[in-house]
């Protein structure tokens with residue numbers, strides 16, 4: 001009997017252990033995930049009845065304590081001070097968390113797994129479709145119609161906070177893709193370190209020179225691992241061919257057209273010719289950027305204007321400019337200049353009963369007086385024309401002018417609810433092509449998968 | 001309540017809390033997982049999801065990205081490799097340690113157990129660095145003997161092999177611990193008899209020591225099997241299941257479908273499939289255990 005008990009116990013432990021640690025999260029478990037957010041104080045007592053709280057869910061680095069040593073300016077804190085002075089009965093409650101927890105708590109709040117709901121929230125632009133379609137974000141058309149500041153948003157961005165023809169977000173700050181290269185590597189290869197490769201052919205030629213003359217350096221790199229950055233760094237090449245990711249209805253994949261095939265073929269050719277290593281298949285963007293800075297890779301298409309692409313610690317602006325070059329992405333034959341952009345926008349909770357206050361607070365946060373110092377400190381790219389016009393404020397960024405040019409040709413990924421799901425087939429197609437699957441076949445397979453995701 | 005009856009109740013009272021916790025933290029989530037596997041639940045729509053019968057299972061089993069047999073094959077190779085490798089390395093080390101003095105054995109045992117106490121994520125990052133194409137130790141060693149660098153984690157065959165090696169590293173410690181404990185209990189006079197009869201150490205190991213530690217060996221095998229089957233973090237850190245799903249195990253597939261695609265229903269169906277496979281293994285294990293138990297008695 002004892003042995004039988006032992007056997008049953010062993011059997012149970014095998015089954016439970018085999019599945020337990022990776023089981024699909026239950027709503028109960030999922031609710032627990034929201035505890036990453038700082039606790040929010042519930043109003044209590046009679047005093048709280050008169051008081052109102054404006055709950056703001058944002059990213060951690062945007063709400064650094066401005067009095068702490070080394071912290072950057074916080075547009076949220078700056079706006080809070082002004083806002084609370086103007087509305088003595090309203091307390092702005094700021095809660096900042098890292099990237100994944102921000103997404104998770106919004107998702108859990110939207111699907112009702114947690115009761116807490118924000119009045120104002122910061123969202124990555126790739127989440128816009130999801131949170132608009134799923135009913136998390138409020139329609140802001142009525143606010144936009146009377147907002148004179150809307151015309152200050154850069155033209156390429158102004159339509160990118162819309163979903164289904166209506167406004168659901170207010171742009172806060174941005175990042176943009178530029179082509180960067182290591183000037184030391186270029187010099188060692190006998191190339192002009194100040195001359196950016198302007199075309200795909202230039203990239204091939206420069207890569208050939210690096211391969212021939214600079215041993216130990218992989219001439220070109222790009223992320224091709226199972227990460228969002230893989231598709232993000234592919235998009236500029238796709239957009240410049242005139243192709244798009246989805247058709248205008250956002251119901252059908254189009255990235256498998258001739259332009260898409262041309263863009264993927266460019267990446268495949270880089271690997272085939274030995275200008276990029278097969279190891280890109282395991283890479284995310286950040287290690288590639290670091291390796292370009294370190295001189296292990298010669299050049300890459302990179303995000304400029306986020307923490308990962310800011311210059312290495314201890315490097316001055318002059319040192320950075322002397323070491324790294326940045327320019328608009330190189331063009332293919334018959335293509336039009338284009339790049340991809342991303343960034344963060346503010347939304348108002350659909351369930352919020354303080355939408356007017358939320359809008360007013362958003363206007364304060366995104367006001368140039370609060371946002372530009374933040375953009376400068378965190379090397380972000382301003383989304384407003386008045387911000388872009390302040391070149392002096394951004395003089396520490398040696399490539400601000402290139403970023404400003406890139407903004408005028410920026411494109412965005414489609415704002416569909418299932419965007420975060422549909423990128424997996426795209427990066428898989430890029431990986432499969434690099435591994436030898438014909439590009440068209442790989443992209444057609446991915447397009448079918450994406451169509452299935454878009455039309456379940 | 002009399003003193004005697006209270007005494008009888010104490011063990012049950014002590015067992016009640018863990019039992020409740022087990023019910024709340026394992027049985028209930030599993031029941032919900034079974035429920036979700038038959039629904040169209042997504043992260044966006046977790047509440048009141050529509051019932052879809054066995055559609056999720058059909059979708060997972062008929063998927064071509066990646067094909068289910070491919071995931072099953074990777075899971076089998078990874079689990080089998082971990083089982084054989086960690087059993088071999090752990091038992092071999094335990095036998096080697098058994099031959100040294102007890103003071104040296106304690107120190108060496110503590111050293112050899114270090115990988116086992118390190119978090120799998122840390123081990124994953126360490127091995128990822130070892131396999132790094134540019135600065136990794138693996139390619140440096142190959143280069144020292146004139147062999148061209150290998151893209152360890154981007155080719156299916158080498159990537160799976162690299163993952164198995166890393167997981168053996170993470171797992172052999174528990175096998176070593178179990179086997180060392182069992183070896184310490186092998187009657188010295190049995191070994192001495194073998195030595196007097198002139199048997200070699202290898203023969204003594206085969207004929208005397210290993211038969212004596214068979215129950216422990218079976219237990220170590222169970223632990224190694226579980227360590228192979230349920231690994232998620234190490235693979236996630238090293239390859240993320242890629243490229244092109246080539247290192248995706250069932251545990252990774254469960255994660256990918258649930259969190260990346262947000263398809264809770266399909267993700268739950270993979271959980272149920274893994275649960276069923278584990279159950280089959282458990283039944284096989286019970287069968288072997290009972291057969292062996294008859295020999296011990």
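Just to be sure, is residue A:38 in contact with a helix residue (DSSP H, G or I) (Cβ under 9 Å, 6 or more places away or on another chain) and either at pLDDT below 90 or crowded, with 16+ Cβ neighbours inside 10 Å (or both)?
So residue A:38 does not fit the description; no.
Number of residues in the stretch B:226-245 that are within 8 Å of chain A (Cβ to nearest Cβ), modelled with pLDDT of 90 or more and under 19 Å from residue B:168 (Cβ atoms): the value is 2.
Residues that are in contact (Cβ under 8 Å) with a residue 12 or more places away in the chain and assigned to a loop (DSSP other than H, G, I, E, B) were ranked within the stretch B:120-138; the one that is farthest from residue B:173 (Cα to Cα) is B:133. Residues being modelled with pLDDT of 90 or more, out of contact with any helix residue (DSSP H, G or I) (no Cβ under 9 Å at 6 or more places or on another chain) and within 13 Å of chain A (Cβ to nearest Cβ) are represented in the stretch B:29-41 by at least one member.
Within the bounds of the stretch A:360-377, is there any residue that is closer than 21 Å to residue A:183 by Cβ, modelled with pLDDT under 90, surrounded by fewer than 21 Cβ atoms within 10 Å (Cβ to Cβ) and under 23 Å from the mean Cα position of the chain (by Cα)? Scanning the stretch A:360-377, I find no residue that is closer than 21 Å to residue A:183 by Cβ, modelled with pLDDT under 90, surrounded by fewer than 21 Cβ atoms within 10 Å (Cβ to Cβ) and under 23 Å from the mean Cα position of the chain (by Cα), so the answer is no. Out of A:425, A:382, one residue alone is in the same structural domain as residue A:94 (by TED's automatic domain parsing) and within 24 Å of the chain's Cα centre (by Cα). It is A:382.
Just one of (1) under 30 Å from residue A:227 (Cβ atoms); (2) more than 14 Å from chain A (Cβ to nearest Cβ) fails for residue B:210. It is (1). Taking the stretch A:396-422 as the range and being within 23 Å of residue A:373 (Cα to Cα) and without any contact (Cβ under 8 Å) to a residue 60 or more places away in the chain as the test, the residues that pass are A:400, A:401, A:404.
Condition first: surrounded by fewer than 17 Cβ atoms within 10 Å (Cβ to Cβ) and either closer than 30 Å to residue A:456 by Cα or not assigned by TED's automatic domain parsing to the domain that holds residue A:448 (or both). Can you find one or more residues in the stretch A:168-188 that meet it? The answer is no; no qualifying residue exists. Count of the stretch A:253-272 residues, restricted to those that are part of a loop (DSSP other than H, G, I, E, B) and buried (at least 20 other Cβ atoms within 10 Å of the Cβ), is 2. For the condition in a helix (DSSP H, G or I) and within 14 Å of another protein chain (Cβ to nearest Cβ), residue B:74 does not qualify. For the stretch A:134-150, residues that are over 22 Å from the mean Cα position of the chain (by Cα) and within 30 Å of residue B:262 (Cα to Cα) total 3. Among the residues of the stretch A:412-456, the ones that are facing chain B (nearest Cβ under 9 Å), farther than 30 Å from residue B:45 by Cβ and outside any helix (DSSP H, G or I) come to 2 in all.
Just need a number here: residues in the stretch A:83-108 that are assigned to a helix (DSSP H, G or I) and in contact with a helix residue (DSSP H, G or I) (Cβ under 6 Å, 6 or more places away or on another chain).
Result for the stretch A:83-108: 5.
Taking the stretch A:336-359 only, how many residues are crowded, with 18+ Cβ neighbours inside 10 Å and more than 29 Å from residue A:291 (Cα to Cα)?
11
Regarding residue A:356, is this residue part of a helix (DSSP H, G or I) and not assigned by TED's automatic domain parsing to the domain that holds residue A:329? It is true that residue A:356 is part of a helix (DSSP H, G or I) and not assigned by TED's automatic domain parsing to the domain that holds residue A:329.
Residue-wise test of (1) crowded, with 22+ Cβ neighbours inside 10 Å; (2) within 14 Å of another protein chain (Cβ to nearest Cβ); (3) part of a strand (DSSP E or B).
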| position | (1), (2), (3) |
| --- | --- |
| A:301 | yes, no, yes |
| A:315 | no, no, no |
| A:319 | no, no, no |
| A:387 | yes, no, no |
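Answer with yes or no whether residue A:288 is within 12 Å of chain B (Cβ to nearest Cβ), part of a helix (DSSP H, G or I) and modelled with pLDDT of 95 or more. No: the conditions fail for residue A:288. Would you be able to say whether some residue in the stretch A:109-124 is outside any loop (DSSP other than H, G, I, E, B), within 14 Å of chain B (Cβ to nearest Cβ) and over 14 Å from residue A:349 (Cβ atoms)? Scanning the stretch A:109-124 turns up no residue that is outside any loop (DSSP other than H, G, I, E, B), within 14 Å of chain B (Cβ to nearest Cβ) and over 14 Å from residue A:349 (Cβ atoms). Inside the stretch B:42-64, can you point out the residues that are within 9 Å of another protein chain (Cβ to nearest Cβ) and surrounded by 17 or more Cβ atoms within 10 Å (Cβ to Cβ)? Once the filter is applied, which keeps residues that are within 9 Å of another protein chain (Cβ to nearest Cβ) and surrounded by 17 or more Cβ atoms within 10 Å (Cβ to Cβ), the stretch B:42-64 yields B:42, B:43, B:44, B:45, B:46. The residue that is surrounded by the fewest Cβ atoms within 10 Å (Cβ to Cβ), counting only those in the stretch A:56-72 that are under 21 Å from the mean Cα position of the chain (by Cα) and in a loop (DSSP other than H, G, I, E, B), is A:72.
For the stretch A:395-411, the count of residues that are closer than 30 Å to residue A:452 by Cα and modelled with pLDDT of 90 or more is at least one. Every condition in (1) more than 14 Å from every other protein chain (Cβ to nearest Cβ); (2) not in a loop (DSSP other than H, G, I, E, B) holds for residue B:199 except the one numbered (2).
Within the stretch B:246-295, the residues that satisfy the criterion of being facing chain A (nearest Cβ under 7 Å) and over 22 Å from residue B:46 (Cβ atoms) are B:278, B:279, B:281, B:282, B:285, B:286, B:289, B:290, B:293.
Scanning the stretch B:139-160 for residues that are in a helix (DSSP H, G or I) and free of Cβ contacts under 8 Å to residues at least 60 places away in the same chain yields B:139, B:140, B:141, B:142, B:143, B:144, B:157, B:158.
The values are calculated or read from the model by the stated rules, or taken from the named source; none is laboratory data. What you are looking at is a predicted structure, and each value in this text was computed from that prediction instead of being measured. Heads up, the Cβs are rebuilt from the backbone with ideal geometry, glycines too, and the neighbour counts pull from every protein chain shown.
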